[in-house]
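What follows is one structure encoded as structure tokens, with my remarks underneath.
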Amino acid sequence: MTNKASMYMSVGTGSVDTMENWIAESPYFYTEHKSAKAQLDSLVEVELDEDGHWVEV
């Protein structure tokens, strides 16, 4: 069994990263319409399918 970190996608941008990295970047997430916490809460867990596409877990 491999020990892979869970990956999370921002549905707004399609960017994928680990939660650890999303949290590290969260001070830069604030927008006029969403707080950093709201943006972190909107991330979805994803994994690569056999075709190399990110799909929601």
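Note down the net charge around residue 57, summing +1 for each Lys or Arg and -1 for each Asp or Glu among other residues with Cβ under 14 Å from its Cβ.
-3
Go through segment 36-47 residue by residue and turn each phi into a ³J(HN,Hα) via Karplus (6.51, -1.76, 1.60, θ = phi - 60°); whole Hz please, and just put x for glycine and proline.
4, 4, 4, 5, 5, 5, 8, 5, 10, 6, 9, 8
Alpha carbons only, please: Rg and Dmax for the chain, in angstrom.
Looking at the chain, its Cα Rg and Dmax stand at 12.3, 43 Å.
Could you tell me the relative contact order of the chain? Use alpha-carbon pairs under 8 Å, at least six residues apart, and round to a whole percent.
Details: 61 pairs, mean separation 18.4, N = 57.
Worked out over the chain, it gives 32 percent.
Laboratory data are not the source of any read-out in this text; all were calculated from the coordinates shown. Just so we're clear, the structure is a prediction, and the values are computed from it rather than from any experiment. Note that we place each Cβ from the backbone using ideal geometry, even for glycine, and neighbour counts take in every protein chain shown.
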